[in-house]
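Accompanying notes for the structure given below.
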Amino acid sequence: MNKIVILTGAGISAESGLGTFRDADGLWARHRIEDVATPEGFARNPGLVQGFYNERRANAADAAPNAAHQALARLQQDWQGDVIIVTQNVDDLHEKGGAQDVLHMHGTLAGALCGNCGHRWPSPATMQVDEPCPACQAPAARPDVVWFGEMPYFMEEIYDHLAEADLFAAIGTSGQVYPAANFVQEAAISGAHTVELNLDPSAVVSNFAETRFGPATRIVPEWVDELLKGQP
Ligand code: APR
């Protein structure tokens, strides 16, 4: 049991005050996905989309990592094997909590992408409509976040990790968005033990061999402590 692959979602950052998408007070209760998280929405109203991500970027900048982020960083440091963290989150709380080499499959609020030439650079705290690209000067800057209908990042690398996983854990994700929701089955096919750590059962809870329910700041440190205590 020496390679651990972990998938996280908005639930791991909920107790840091960043909220989630599909809980009652979530982002998708206040914004229409098609308006703020699709290329078509951006083309239709770039000001609305830039404002949506500027607000989220500011919230993330003010947020602190919680005990769950810190526990996963501790697992990476103290586990006698690989611990790969794949996140659907675009905040940087895993990194602020000490995690290394986090794979942000849905991009990051910290990144800017040029819709014209593909150049990437650190995003300004507030991105303006028609912000010029520093490489090609086109007024085509956008958040480097993967929108619905776009290809998530690092997929080949992620599937390679899942194929080698001995243990797969999904933390704080509702299992409603693919391809992430399918990772548990990919890992299970490779013989990995699978565990869901979540506040409520996800849409794919039946695919997990083990489930642990409760707030991430309690159940993730408990789970990490058990894993580390069980090492030879
Ligand atoms: N501790 C643990 N889990 C929690 C907590 C908490 N304190 N609070 C909420 N959760 C759980 C909820 O029960 C839910 O299952 O976190 C999950 C959040 O689900 P979503 O809001 O759907 O977020 P996520 O699964 O990350 O969404 C995936 O959808 O909108 C897109 O790109 C966006 O990356 C996002 C993707």
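Of note:
- When the solvent-accessible area of the chain is split by element, carbon and sulfur atoms take up 51 percent of it, the probe being 1.4 Å.
- Rg and Dmax over the alpha-carbon atoms of the stretch 53-135 stand at 14.9, 48 Å.
- Across all directions, the shadow cast by the convex hull of the chain built on its C-alpha atoms averages 12.0 square nanometres.
- Selected from Val49, Ala180, Pro152, residue furthest toward positive end of dipole (the chain; charges at beta carbon): Val49
- Normalised per residue, the accessible area of the stretch 8-78 is 46 Å², obtained with a 1.4 Å probe and no contribution from ligands, DNA or RNA.
- Helical contribution to [θ] at 222 nm, DSSP H n ≥ 4, -39,500 (n - 2.57), averaged over the chain, rounded to 500: -9000 deg cm²/dmol
- Distance from the C-alpha centroid of the stretch 93-163 to that of the stretch 47-63: 14 Å, rounded to the whole angstrom.
- Solvent-free Debye scattering, log10 I(q)/I(0), computed from the Cα coordinates of the stretch 1-53 at q = 0.19, 0.21, 0.25 Å⁻¹: -0.74, -0.82, -0.96
- Top of Ala170, Ala216, Ala64 by mean-square fluctuation, Gaussian network on the chain, Cα under 10 Å: Ala64
- Whether the stretch 157-232 is rounded, prolate or oblate, judged on the alpha carbon gyration tensor where a/c under 1.5 counts as rounded: oblate
- Between the stretch 199-219 and the stretch 1-18, the Cα center-to-center distance that results, in Å: 11 Å
- Comparing Gln77, Gln88, Gln137 in a Gaussian network model of the chain, where Cα atoms under 10 Å apart are tied by springs, the biggest mean-square fluctuation is seen for Gln137.
- Computed magnitude of the charge dipole of the chain (debye, nearest 20; Cβ of K, R +1, Cβ of D, E -1): 380 debye
- For the options Glu210, Glu196, Glu156, a Gaussian network treatment of the chain with springs between C-alpha atoms closer than 10 Å singles out Glu156 as fluctuating the most.
- For the chain, the longest principal axis of the alpha carbon atoms and the long axis of helix 67-78 meet at an angle near 60°.
- Solvent exposure of the stretch 89-210 as accessible area per residue, Å², 1.4 Å probe: 45 Å²
The values are calculated or read from the model by the stated rules, or taken from the named source; none is laboratory data. Everything numeric in this text was worked out from a predicted model, so none of it was measured. So basically every Cβ, Gly included, is an ideal-geometry build from the backbone, and we count neighbours across all protein chains shown. Only protein heavy atoms, including side chains, enter the accessible area calculation; ligands, DNA and RNA are left aside. Shrake-Rupley method; radii C 1.70, N 1.55, O 1.52, S 1.80 Å.
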